[in-house]
1. Given a 1.4 angstrom probe, I'd like the percentage of the accessible area of the protein assembly as shown that is carbon and sulfur, rounded to a whole number.
2. Are any of the pairs B:65/B:184; B:27/B:48; B:9/B:220; B:20/B:60 more than 21 Å apart by Cα-Cα distance, and if so, which?
3. For the stretch A:49-207, state what percent of all Cα-Cα pairs lands in each successive 10 Å bin, counting from 0 Å until the bin that includes the largest distance.
4. Counting each pair of different Cα atoms once, what's the Kirkwood radius of the protein assembly as shown in Å, rounded to one decimal?
5. Which residues' amide hydrogens lie under 5 Å from the amide hydrogen of residue B:94, considering only partners 5 or more residues apart or on another chain, with H built in the peptide plane?
6. What percentages, rounded to whole numbers, describe P(r) for the stretch B:5-58 computed over all alpha carbon pairs with 10 Å bin width beginning at zero?
7. Looking at chain A as a GNM with Cα springs under 10 Å, which of A:104, A:166, A:255 has the largest mean-square fluctuation?
8. So what's the Cα pair-distance distribution over chain A, bin width 10 Å, in %?
Amino acid sequence: MNAVVSDEVKKRSAGNYVFGPQMYYLLKCTMCGAGNFVVGLGVLFAIWWATVYVITQNPEYAHYANFGLIPAFEAMPDLWVRGTIPDALMNSMYRLGMGLMYAIAIGVPVGIVIGRIVWAKKLTNVPFQFIRMISPLSWEPIAVVAFATWNDAIIFLVTIAAVWPIVYATAAGLEKVDPNWFKVARNLGANPWHILKTIIMPAIAFDVLTGIRLALGVAWIVIVPAEFLGVTSGFGYAIQDAREGMTYDNLMAMILVIGAVGYILDSICVMLIKKFSWVKESKE
Amino acid sequence: MSIRGTEIKIEGLTHRYNAKSPLTFNKIDLVSPPGEVLAIIGRSGCGKSTLLHILAGVLKPTEGKALLNGESVESPSPRWVMMFQAPHLFPWMTVRENVGVGLTFARWSKNEIKKRVDEAIELVELKPHVDSNVQDLSGGQQQRVALARSLVMEPELLLLDEPFSALDAFTRASLQKDVRAIAKRLGFNIVFVTHDIDEAIIMADRAVIMAGSPGNIVHKLDVDLPDPRERQDPSVQELRSRLMTTFEQAAYSKEEAPAAASGQ
Ligand SMILES: Nc1ncnc2c1ncn2[C@@H]1O[C@H](COP(=O)(O)OP(=O)(O)OP(=O)(O)O)[C@@H](O)[C@H]1O
Ligand SMILES: [Mg+2]
């Protein structure tokens, strides 16, 4: 009786809904301290450096030296000054932002519907799981025909990749909203707007943000290959361009930036999730 | 905080859940003067919760009406607040935010909310916990928060449906005394449903027994005891056994009669 939040809810809130325990694992790991940050990154860079070093010991492969850690870092200031990195950043982030925005605008209401209406959940299960399992990139040829510009086509691909985690996380959040909260609120004079603002939104914020975090991860992964074709901007294009120009130091520098930006975006999500999480670990 | 009570007048109150279901209760009449703490006791299924929900304005009577100071109850209102068996606190809010939530619905200013919330929290003795997460409180403390959340609205009438039945005996006993003391201090009415005869004796000014199907009030008993009431006082014990006897007689005789009649 003691618990405000039932164990059932706690179990589900651990991110166990569609994505399984890995979400919980991810959350925990991103919160590791600064020490782990430095050491972890150091090990990663060391392996990178060592691999290229070992390979280039063989004179036949000496030209692979540009794939190394140090050339990548050395290439970065120039790429920044010339505008390659800022341009790629602006264009990719714009597509990512638009795609995510559409995914949220579609995903949250759809999630609310399937979280609240049982038959909607049952009816949509098969088609949604079916579409969800199709790689977003396989829509590219269709998207190019369907949309006027490549830009819009890429935004569509991001949207379709990002919408699923948001739909299912929102639905999971809604299922744990206790109907008694509505009863109490109405008793204290709440109108429907109060109920939405004071109860539903804070109650599901954590889950929606968890969905957005997963969506962002998927979208950031999808956007690079999506930009390989058709457009002349963004990180995907920059990678493709570096490959064709055989400027491998630039290529590795872009890869570094992609990783760093992804990490930063994810960390922002984690901060927001922590802020909006209200389920406490049980006292036991 | 100053709350005044209300005169509750129930006139020919009849209820059925839907056209096919039998009458829940038939033509109940009852008057409760301002400031009275009234207990409703009765066996399971005789319509106590239904009656309470009608008084709270969340259910509509089939016939008759419930009047508070002459005004018919049609919908929920912060003036007549219902408290449930479980506290149902909002876990993402602190104690202070939970208590103040009804005032934010009513668009009170921040300063006034703070003032009133502080008073209500003091009343239920949770001052050290104002900024705690409600998930860190014990069951009894949580029910106190729910009580403060209702009291802060300064209702004329507080409706309680088996409010302490989920708590342990010690917590329950102290809350029973506290709630009565607060009601007497502030002067609002309470109507509460209970299965616990002791609870009725410790808390109420008057107990009514509901029985039968369709249900009705079959007996009223004044609980005319000085405060504070202690369970082991001879006068409490004496009244308790009287109420118990009356309850058994009333509940069973009424229960048997219609059952036999409908058995044919
Ligand atoms: N939603 C409903 N629809 C139809 N019948 C109902 C509904 N709720 C309650 N009833 C019936 O109405 C009668 C009175 O119910 P009520 O909940 O008021 O009883 P109660 O006296 O509060 O019982 P308890 O002491 O067990 O809480 C019962 O016979 C019950 O079966
Ligand atoms: Mg009941």
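1. So the carbon and sulfur contribution to the accessible surface is 61 percent.
2. Checking Cα-Cα distances, B:65/B:184 exceed 21 Å.
3. All Cα pairs considered, the percentages come to 9, 23, 21, 20, 15, 8, 3, 1, 0.
4. 28.2
5. none
6. 21, 56, 20, 3
7. Maximum among the listed residues: A:255.
8. For chain A, the binned pair fractions read 6, 23, 28, 23, 13, 6, 1, 0, 0 percent.
The values are calculated or read from the model by the stated rules, or taken from the named source; none is laboratory data. Nothing here was measured: the structure is a model prediction, and the numbers come from that model. Glycine gets a Cβ as well: all are built from the backbone with ideal geometry, and neighbour counts include every protein chain shown. These accessible areas exclude ligands, DNA and RNA; they are computed on the full protein's heavy atoms, side chains included. Shrake-Rupley method; radii C 1.70, N 1.55, O 1.52, S 1.80 Å.
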